[in-house]
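Reviewing the structure listed below.
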Amino acid sequence: MPAPQSPKIDLEDDLELIIDYYNANHWGDGLPIIPPTQARIEKMLGHLLPIKDKVITNLPPGYGDATIELIAVNAVMAGCKPKDLPIIIAATEAMADPQFNLSALQPTTNPVGIWVIVSGAVAHEGRFNMGLNCLGEGNPGNATVGRAIRLILRNLGGALPGEMDRSTHGQPGRYTFCCMEDANQTPWGSFHQARGFNEQQTSVTVVAIEGTMNMNSHAKDPDELLQVFAKTMIHPPSNEYTHGGEPWLMIGPEHAEILVRTGYTKLQIQEKLWHLSKMPGFEMAQRDFTRAKHSRSAELGELNADSLLPISKKPEEIQLLVCGGPGTHTVYLPSFGNSRAVSRLVEN
């Protein structure tokens, strides 16, 4: 990504040539980009143009300066609208928070994708999909904002695949991974408010996710439903059990209704999942269990093969988010383990 002070690059007015040039210089993600012309950048910046050189943060592992202008350049390339820029700026700042642990996420061999969750007042604008197919294709807000974050991680953080990005397999969510919370369908209070924001505010949360697992259950009994959720969450070759993670469940509205029908609170759901998903150490490969003992002995004390490992350090770290359309589905999203979600207020 050229620095703001670099000379302008003159290319023939040929979109294919421009895209090839950007991909050849590793500035793109392999998909077609929108050329970041000066006019498009200035339009994206809008009222932020006078402070375009302000450094929001530095992103590892390359620790490039994430200026407002360079964030805007990547937003243009991803196809974002100017009204998306404050969300992308807030998400960029959130990723630099130490508890997010981006310095470990960027060069890891794990297939970590950065999930961007938009919450709050922006729901009334209809820009982000929180219903049917909310993690799929078709919605410009979800697609372009998630893509902008990945371009920023590449171009400003310096995490290029095969170089400082050492992900063994990667995952499709590394192209784009963004949706919105459906607060209207959340029976135990919105995630947005639980993170300390009010209904008039918009927030963005970044989460380090290793993939998605669909849980299609027609169970109508809450205890039975939580039992099958917990069994799905148990997986021995897991960073969550090795380090004590922050697992996420994207609960469909139908399942959410079943879970609260008998009066279960959010905390009671978390506590039940926490207990039901404990895994004996002997389920892990010996070397993996040795890593878990090293990582979690201060938290859990002396561990042996019969010790029960909780998936997270405490029940409240099992995160519940209501999204999606009709259907008996909930999605389990295993986390990187050694990372915690970070939220930021979106300031327009």
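Read the figures in this text as sums done on the coordinates, not as results from a lab. Since the model is a prediction, treat every value here as computed from it, not as a measurement. Cβ sites come from the backbone with ideal geometry, for glycine too, and all protein chains shown count toward neighbours.
Some observations on this one:
- Simple rule: put +1 on each Lys or Arg Cβ and -1 on each Asp or Glu Cβ in segment 178-326, find the dipole, and look at 239, 202, 252; the Cα lying farthest toward the positive end is 239.
- Within straight-line reach of residue 231, meaning a Cα separation under 26 Å, sit the following lysines at least 8 residues removed in sequence or on another chain: 220, 266, 272, 278, 293, 313, 314.
- Ranked packing of 128-137, 283-292, most packed first, by mean Cβ within 10 Å: 128-137, 283-292
- Furthest towards positive pole of dipole, 176, 297, 33, structure part the chain, Cβ charges: 297
- Calculated [θ] (222 nm, deg cm²/dmol) that DSSP helices of n ≥ 4 give over the chain, each run adding -39,500 (n - 2.57): -9500 deg cm²/dmol
- Each Lys or Arg adds one and each Asp or Glu takes one away; over the other residues whose Cβ falls under 13 Å from the Cβ of residue 30, this sums to +2.
- Rg [Å, one decimal], Dmax [Å, integer] - segment 42-148, C-alpha atoms: 14.4, 40
- Full extension of the chain between residue 291 and residue 17 gives 93.7 nm of extra length, using 0.36 nm per residue less the Cα-Cα distance.
- Each part reduced to its alpha carbon centroid, segment 158-210 and segment 10-68 end up 22 Å apart.
- Segment 7-104: proportion of alpha-carbon pairs further apart than 18 angstrom, %: 52
- Among 203, 307, 167, residue whose mean-square fluctuation peaks in a GNM of the chain (springs only between Cα atoms under 10 Å): 307
- Listing 97, 84 from fewest to most neighbouring C-beta atoms within 10 Å gives 97, 84.
- Note on segment 253-307: percent of Cα-Cα distances in each 10 Å bin, starting at 0 and stopping at the bin with the largest distance, equals 20, 36, 19, 23, 2.
- Between amide H atoms placed 1.01 Å from N, distances below 5 Å from residue 279 occur with 309, all of them 5 or more places distant or on a separate chain.
- Dmax and Rg, reported as Rg then Dmax, of segment 213-333 (C-alpha, Å): 14.9, 45
- Of 277, 238, 297, the residue with the greatest mean-square motion in the GNM of the chain, using alpha carbon springs below 10 Å, is 297.
- Estimated inter-spin distance, residue 224 and residue 345, nm [label 7 Å along Cα→Cβ]: 4.7
- Residue order for 330, 108, fewest other beta carbons within 10 angstrom first, comes to 108, 330.
- Tail fraction, Cα-Cα pairs, the chain, threshold 29 Å, whole percent: 41
- For segment 213-333, size of Cβ-based charge dipole, Lys and Arg +1, Asp and Glu -1, in debye: 160
- Burial ordering of 266, 81, fewest other beta-carbon atoms within 10 Å first: 81, 266
- Taking a quarter of the surface of the Cα convex hull of segment 91-188 gives a mean projected area of 7.1 nm².
- Unit Cα scatterers, Debye sum, segment 111-244: log10 I(q)/I(0) for q = 0.13 Å⁻¹: -0.71
- When DSSP beta bridges are restricted to pairs lying wholly in segment 213-333, around 65% turn out antiparallel.
- Based on C-alpha pairs under 8 angstrom that are at least 6 apart in sequence, the chain has a relative contact order of 21 percent.
- Average Cα contact separation per residue, segment 213-333, under 8 Å, 6 or more apart, as relative contact order %: 48
- As a size descriptor, the averaged projected area of the C-alpha convex hull of segment 164-225 was calculated at 7.2 nm².
- Phi-derived couplings, Karplus 6.51 cos²θ - 1.76 cosθ + 1.60 at θ = phi - 60°, listed residue by residue for segment 302-315: 5, 10, 10, 4, 8, 5, 8, 8, x, 5, 9, 6, 8, x Hz, with x used for Gly and Pro.
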